[in-house]
Amino acid sequence: MKKVILVNSTDYETRVALLEDERLVELQVERPDSDRMVGDIYKGIVRTVLPGMQAAFVDIGLPRAAYLHASDVGKDYDNRYDSEDIDEEEAPAEIIRKRKRETIEQVLKTGQEVLIQVIKEPISTKGPRISTEISIPGRYVVLVPDDDHIRMSKRITSWAEKRRLKKVLAPLRPEGFGLIVRTEAEGHDTPDFRADVKRVLKLWSKLKRKADTSKAPVLIHKEAEMIVSMIRDLFTDDVQRLIVDNKGDYKKVISYARQVVPHLKNRVELYKGQRPLFDQFNIEAEIERMMDRKVWIKKGAYIIIDQTEAMVTIDVNTGRFVGSSDQETTILQTNLLAAKEIARQIRLRDIGGLIICDFIDMYSKENRRKLYEEFKGCFRNDRAKGAINPVTDFGLVEMTRERVRPSHLQALSEPCPTCEGLGRILSKETMATKIERWFLRAKAEGRIREFNLALNPMLADAMSENGHSRIDRLMRINQFRINVVRDTTLSVQEYRVYDAQNNDNITERYRL
């Protein structure tokens, strides 16, 4: 598989695109007013402990308190107990067993200072999710303070390689720290690991000193900017080219690459073309379509993607695809094509949480198995953690995908001010009826005899269609005067009513 990374930078936005076989599969966007928080380390103050939820809210100096669940409280968190709660000479293993039985109100107290790390960005009205289990990522390993294990990435599947890596890293593990071996560590040896462990250990010592001397709430450590973290996480041996269109960022990439991945620095290029970089690789138009609800796939089939706060639903339709064989074969072909596109769109849009995919029903159990294997295989290169259930008899696939930040739809768009995020607006006929009911309420009070009614021109036309005017009928029945004012600043879903005598806005007076 041919992989290419493109980095496009302006004063207001930095975008990193990952292409696999010349197709866009992943996009990261960073703007100055919306810095990423995942990986940031804070010293915070516990403000509220909720035993019923087994959670706490922690003040980390942001407008919204951070959410800390009991499952995210590390087993070896130093400040969790008052000095009288445990015997200083108690064995560590005993302490760990004791803490497993503790509830959150026993291990966290209001006003307590805690060192935490952000594990999930703020989403919608929710604050960031945090953990007391700190981890410092390097190129090949992740340093975990207050631990003593060496753990492997699940993507390293060879048992022989796991044993080799564990043997190599055992003498390099600092006392009082654990290590998580990243996927990129496969095939590497002692010199690479020694330098990587030294880097992350130095970083931990620096931020620990700052944490010990700083007053909460305060930011202790800011995760590396997107370009640096991109090199660390994305720029692997299987990437053929990394192309940057900004000289300043190019120098950053080269400098970091020399230190961390010197064998890859020759693959870094500075783009000097006249056309914008993303246009040159034909992906700008695809990014524009990334917000579309309907996505066409090969042979005339398409998928519909609907995102809500609780879950994402994806529906598969044959569209114009009629196939050339029997119905079951046509449906299988459509579903297999859709599986590839759904997986790509999930990665591209950075969709997380609960996802329900409604494939077209298939009678054959063997075909459902083929679809499941194909769909699961499409996430082979996905960096986010996830789980996929087999296809049900009704053609549904339920899956979950790690959500650490808002999807691109949430991050790059905002709710429509007209429909307020519903995705649909009331029909003109419905709006006309609502206006009629408004005037019926006004008649019941009987104070005002002349009104100015401001409407969008399209709504005004709809109330005068087919040769008769609903406004004239309202005036005749209710025996008062209505002056229609065409206002292009109003949407089709809006109307305003004024008292013609003093021009007071009385819209809310008779609106339910």
For G395, state whether it is of a type outside the set (A, V, I, L, M, F, W, C) and within 23 Å of E121 (Cα to Cα). no
Exercise. Check whether at least one residue in the stretch 332-347 is under 20 Å from F394 (Cβ atoms), at pLDDT below 90, in a helix (DSSP H, G or I) and out of contact with any Lys or Arg (no Cβ under 9 Å at 6 or more places or on another chain), and report yes or no.
Key: no
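Each row is one residue, and each column tells you yes or no for (1) over 25 Å from D238 (Cα atoms); (2) of a type in the set (K, R).
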position	(1), (2)
D315	yes, no
T330	yes, no
N335	yes, no
A343	no, no
R349	no, yes
D361	yes, no
N389	yes, no
E445: passes all of (1) open to solvent by less than 40 Å² (accessible area, probe 1.4 Å); (2) more than 38 Å from the chain's Cα centre (by Cα) but (1)
Residue pairs qualifying under the 6 Å Cβ cut-off, at least six apart or on distinct chains, with the first in the stretch 123-142 being closer than 13 Å to V404 by Cβ and the second being of a type in the set (D, E, K, R) and crowded, with 19+ Cβ neighbours inside 10 Å, are R129/K120
Checked the stretch 237-247 for anything in contact with a strand residue (DSSP E or B) (Cβ under 8 Å, 6 or more places away or on another chain) and modelled with pLDDT under 90; matches are D238
Restricting the stretch 476-512 to residues that are closer than 19 Å to T430 by Cα and part of a helix (DSSP H, G or I), the one most open to solvent (accessible area, probe 1.4 Å) turns out to be E508
Listed by range, helices (runs of 4 or more DSSP H) wholly within the stretch 63-174 having at least 3 residues that are at pLDDT 90 or above and among the acidic types (D, E) are none
Contact list, first residue from the stretch 408-422 and touching a residue at least 24 places away in the same chain (Cβ under 8 Å), second anywhere and open to solvent by 100 Å² or more (accessible area, probe 1.4 Å), beta-carbon distance below 9 Å, six or more apart or interchain, is none
Quick check, is I45 more than 30 Å from E105 (Cα to Cα), open to solvent by less than 70 Å² (accessible area, probe 1.4 Å) and either of a type in the set (G, A, S) or in a strand (DSSP E or B) (or both)? no
So the helices (runs of 4 or more DSSP H) completely within the stretch 203-284 holding 1 or more residues that are surrounded by fewer than 17 Cβ atoms within 10 Å (Cβ to Cβ) and without any contact (Cβ under 8 Å) to a residue 12 or more places away in the chain are 247-260, 277-280
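The values are calculated or read from the model by the stated rules, or taken from the named source; none is laboratory data. Please read all numbers here as calculations on a predicted model, not as lab measurements. Here Cβ is always computed from backbone atoms with ideal geometry, including for glycine, and neighbour counts include all displayed protein chains. All accessible areas refer to the heavy atoms of the entire protein, side chains included, with ligands and DNA or RNA removed. Shrake-Rupley method; radii C 1.70, N 1.55, O 1.52, S 1.80 Å.
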